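First up is the structure itself, then whatever we jot down about it.
The numbers here are math on the coordinates, done by the rules we state, and not lab data. Here the structure is a predicted model, which is why all the values come from computation and not from measurement. As a convention, Cβ positions derive from the backbone with ideal geometry for all residues, glycine included, and neighbour counts pool all protein chains shown.
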Amino acid sequence: MRFFSALSTIIAAASVALVSAQEAARFGVVNVSPSGLLTANESITIKYNSTLAAHQPLYVDFYLEGEFSNGNAAPNLLISRNTYSVNQTLLLQNATVPNLDLLGNVTYGLWAWVTYNQDSLTQIGGISA
Ligand SMILES: *[C@@H]1O[C@H](CO)[C@@H](O)[C@H](O)[C@H]1NC(C)=O
Ligand SMILES: *[C@@H]1O[C@H](CO)[C@@H](O)[C@H](O)[C@H]1NC(C)=O
Ligand SMILES: *[C@@H]1O[C@H](CO)[C@@H](O)[C@H](O)[C@H]1NC(C)=O
Ligand SMILES: *[C@@H]1O[C@H](CO)[C@@H](O)[C@H](O)[C@H]1NC(C)=O
Ligand SMILES: *[C@@H]1O[C@H](CO)[C@@H](O)[C@H](O)[C@H]1NC(C)=O
C-alpha cells in the first residue's frame, strides 16, 4: 500500500509538471533581459518566441502587471502592441520600463498577451516572463 501511494504521488507530481509545461508553451515563451526585478526607466530587451505556441498569434501585446507592497494590484501598463505575421516565430524588441516610481513601492513583471483564432473565436491568453 505504501508503495502504491508513493507511486501515485510521483505520478500526480509528474502530471502537474507536464500540464504546467504544456500551459507554459501554449501561448509561446517570453523572456526579458536583464532578468530580475524591473526598475523604473530601465532599458530591457524582450524576446517572445512562438515556436511551440498552440496557435499562431495575430497580435502580441507586452504589458507590465504588478502589485503594491501591501499586495493590492497595481495598474496594468502597456509596453507595446504588435501585429504578428503569418509565419513569424520570434519578436525581439528593445523597450524602456516606464517610471514606475510614480506609483510608489511597486513590483512589476512582464507579460505577453497573445490574440489568436481558435474554434472560430478570437481568443486572448497570457504568459509571463
Ligand atoms: C525616471 O525618469 C524620470 C523622468 O525622466 C525621472 O524624473 C526619474 O528620476 C527617473 N527615475 C529613475 C529611478 O531613474
Ligand atoms: C525558440 O523556441 C524554439 C523551441 O523551444 C527553440 O528551438 C529556438 O531556439 C528558440 N529561438 C530563439 C531565438 O530563442
Ligand atoms: C517596498 O516594499 C518592500 C516589501 O514590502 C519592502 O521590503 C521595502 O522596504 C519597501 N521599500 C520602500 C522604499 O519603502
Ligand atoms: C508562410 O509559409 C508558408 C509555408 O512555408 C508559405 O506557403 C506562405 O507563403 C508563407 N506566408 C507568408 C505570408 O510568408
Ligand atoms: C536593441 O538594442 C541593441 C543595443 O543598442 C541593438 O544592438 C539591438 O539591435 C536592438 N535590438 C532590436 C530588436 O532593436
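Can you pull out the residues in region 96-129 that are away from ligand 3 (no atom under 16 Å from the Cβ) and either over 16 Å from the mean Cα position of the chain (by Cα) or part of a loop (DSSP other than H, G, I, E, B) (or both)?
Those that are away from ligand 3 (no atom under 16 Å from the Cβ) and either over 16 Å from the mean Cα position of the chain (by Cα) or part of a loop (DSSP other than H, G, I, E, B) (or both): THR96, VAL97, PRO98, ASN117, GLN118, ASP119, SER120, LEU121, THR122, ALA129.
Okay, residues lined up against (1) touching a strand residue (DSSP E or B) at 6+ places or on another chain (Cβ under 7 Å); (2) farther than 14 Å from SER50 by Cα:
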{"residue": "SER80", "(1), (2)": "yes, yes"}
{"residue": "TYR84", "(1), (2)": "yes, no"}
{"residue": "THR89", "(1), (2)": "yes, no"}
{"residue": "ASN94", "(1), (2)": "yes, yes"}
{"residue": "PRO98", "(1), (2)": "yes, yes"}
{"residue": "LEU103", "(1), (2)": "no, yes"}
{"residue": "TYR108", "(1), (2)": "yes, yes"}
{"residue": "TRP113", "(1), (2)": "yes, no"}
{"residue": "GLN118", "(1), (2)": "no, yes"}
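What do you reckon, is ASN99 farther than 16 Å from ILE44 by Cα and not charged (D, E, K, R)? Before you say what the answer is, go through the steps one by one.
Working: farther than 16 Å from ILE44 by Cα: no; not charged (D, E, K, R): yes.
Judged against the criteria, ASN99 is not a match.
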